[in-house]
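A.B. asks: Take this structure, written in structure tokens, and hold onto it; I'll ask about it next.
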Amino acid sequence: MTVAVSIIAYFWVYNYPSTAEFLSKEEREFIQFRLKNDSDATRDEEFTWSAVRDAFKDPKVWLYGLGFHTMSLPLYTLSLFLPTIIKELGYSAAKAQLLSVPPYAVAFFLTIGVAIASEKTRSRAPFIMGSSAIGCIGYILLLSQHRAGVSYVGTIFAAAGIYPAVAIVLSWPANNVSGQTKRCIANAMQISIGNLGAVLGTQLYRSESSPRYFLGHGFALGYLVANIVVVGILWEILRRENAEKQRVREAQGLSPLMGDVGDAEGEFQGDKDPRWVFQT
């Protein structure tokens with residue numbers, strides 16, 4: 001169904017810069033201004049198979065995929081066991097429904113706050129790793145205690161760590177990968193690799209292991225630890241490449257591109273360009 005709808009959408013979705021009648025001239029100019037000052041989205045670039053190959057050959061692209069893979073298992077399985085834990089608390093159906101709100105409410109506010117902090121500092125890895133560590137606390141509580149109240153607190157910690165980390169993980173390649181074809185492939189690879197974790201996770205939480213779910217919680221905890229490791233490796237790689245780019249810029253007298261890619265002069269080489277600065 002997704003493929004079928006995408007074919008229809010190709011002929012339906014407007015090319016807003018030139019044909020979107022529902023946008024005023026000022027609105028189109030504003031969108032163009034934001035894109036120009038945020039990425040390379042306004043630069044003319046034709047599709048090339050070399051850019052596709054470049055995405056597959058770039059280790060960072062695979063690490064972005066693993067970064068989401070190690071988050072998708074706990075992300076998609078949290079909702080599987082939360083109702084069981086609330087049921088163990090002994091509340092009626094109406095109150096049980098209300099008790100499903102706090103974990104997601106905490107996650108909502110933390111996701112917004114962490115995203116704002118990450119953007120203001122132009123930093124990604126520390127916030128992902130920190131959020132994953134909070135999620136680890138939640139699963140440690142779930143594994144170590146059988147009391148329903150403690151387990152409920154564990155779900156709050158789990159949600160508070162998982163959702164902020166996922167939001168930044170998914171936006172990371174969109175920030176860092178350039179040009180446009182390579183970024184499209186990188187984003188598709190990230191989702192494809194990442195969702196394999198969800199496929200595995202749904203097979204781990206089974207009714208016979210309720211309500212402790214040792215196998216599922218153990219895998220989720222291990223995946224969050226793996227996420228911290230993967231993100232730490234990617235952070236170090238990006239820092240080293242930024243340092244090398246800085247040495248090249250200083251040698252050639254170039255200025256870094258920080259939110260002004262649309263004004264880059266001369267031939268722009270995407271994320272290989274020494275002027276391109278990775279967000280770490």
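The values are calculated or read from the model by the stated rules, or taken from the named source; none is laboratory data. Computed from a prediction, not measured in an experiment: that's the story for all the values here. FYI the Cβ positions are ideal-geometry reconstructions off the backbone, even for glycines, and counts take in every protein chain you see. To get the accessible areas, we keep the full protein, side chains included, count just its heavy atoms, and leave off ligands, DNA and RNA. Shrake-Rupley method; radii C 1.70, N 1.55, O 1.52, S 1.80 Å.
A.B. asks: So which lysines can Lys25 reach, going by Cα to Cα under 25 Å and dropping same-chain residues fewer than 8 places off?
C.D. replies: Straight-line reach from Lys25, under 25 Å: Lys36.
A.B. asks: Top mean-square fluctuation among Glu119, Glu208, Glu241, Gaussian network model of the chain, C-alpha springs under 10 Å?
C.D. replies: Glu208
A.B. asks: Further question: Check the straight Cα-Cα distances from Lys57 and name the lysines below 17 Å, setting aside those fewer than 8 residues away within the same chain.
C.D. replies: Lys182, Lys272
A.B. asks: Report the extension gain between Leu98 and Gln246 in nm, rounded to one decimal, defined as 0.36 nm multiplied by the number of residues separating them, less their alpha carbon distance. Can you show the working numbers first?
C.D. replies: Working: separation 148, 0.36 × 148 = 53.28 nm, distance 5.24 nm.
Once the chain is fully extended between Leu98 and Gln246, it gains 48.0 nm.
A.B. asks: Quickly rank 185-196, 50-61, 219-230, 74-85 as a protection proxy: mean count of other C-beta atoms within 10 Å, highest first.
C.D. replies: Values: 185-196: 18.2, 50-61: 15.4, 219-230: 21.8, 74-85: 20.2.
Going by the mean number of other Cβ atoms within 10 Å, highest first, we get 219-230, 74-85, 185-196, 50-61.
A.B. asks: Length gain on complete extension for the stretch Glu208 to Phe47, per 0.36 nm per residue less the alpha carbon to alpha carbon distance? Show your work: numbers first, answer last.
C.D. replies: Working: separation 161, 0.36 × 161 = 57.96 nm, distance 5.06 nm.
Stretched out fully, the Glu208 to Phe47 stretch lengthens by 52.9 nm.
A.B. asks: Defining a contact as two alpha carbons under 8 Å apart and six or more residues distant in sequence, what relative contact order in percent does region 175-280 show?
C.D. replies: Working: 56 pairs, mean separation 38.3, N = 106.
Worked out over region 175-280, it gives 36 percent.
A.B. asks: Then there's this: Can you spot the lysines whose alpha carbon is less than 22 Å from Lys95's alpha carbon? Ignore those fewer than 8 places along the same chain.
C.D. replies: Lys87
A.B. asks: Would you grab the residues whose amide H sits under 5 Å from the one on Leu257? Only those 5+ places off in sequence or on another chain, please, with H modelled 1.01 Å from N.
C.D. replies: Long-range HN contacts for Leu257: Trp276, Val277.
A.B. asks: When the helices in the chain are scored as -39500 (n - 2.57) per DSSP H run of 4 or longer and the sum is shared across all residues, what 222 nm value do you end up with, to the nearest 500 deg cm²/dmol?
C.D. replies: Details: 11 runs with 204 residues, N = 280.
It comes out at -25000 deg cm²/dmol, rounded to the nearest 500.
A.B. asks: Counting only heavy atoms of the protein chains, get the accessible area per residue of region 130-280 (1.4 Å probe) and round it to a whole Å² value. The partial results should precede the final answer.
C.D. replies: Details: 6700 Å² over 151 residues.
Here the residues of region 130-280 average 44 Å² of exposed surface.
A.B. asks: A further question on this structure: Could you state how much accessible area Ile233 has, in square angstrom rounded to the nearest 10, with a 1.4 Å probe and all protein chains kept in place?
C.D. replies: Counting only protein heavy atoms, Ile233 exposes about 90 Å² to solvent.
A.B. asks: Describe numerically, in nm with one decimal, the distance between label points set 7 Å from Cα along Cα→Cβ at Lys25 and at Lys87.
C.D. replies: 6.3 nm
A.B. asks: If you don't mind, another one. Can you tell me which of Leu200, Leu66, Leu254 moves the most in a GNM of the chain? Springs connect C-alpha atoms under 10 Å apart.
C.D. replies: Per the Cα network of the chain with a 10 Å cutoff, Leu254 tops the list.
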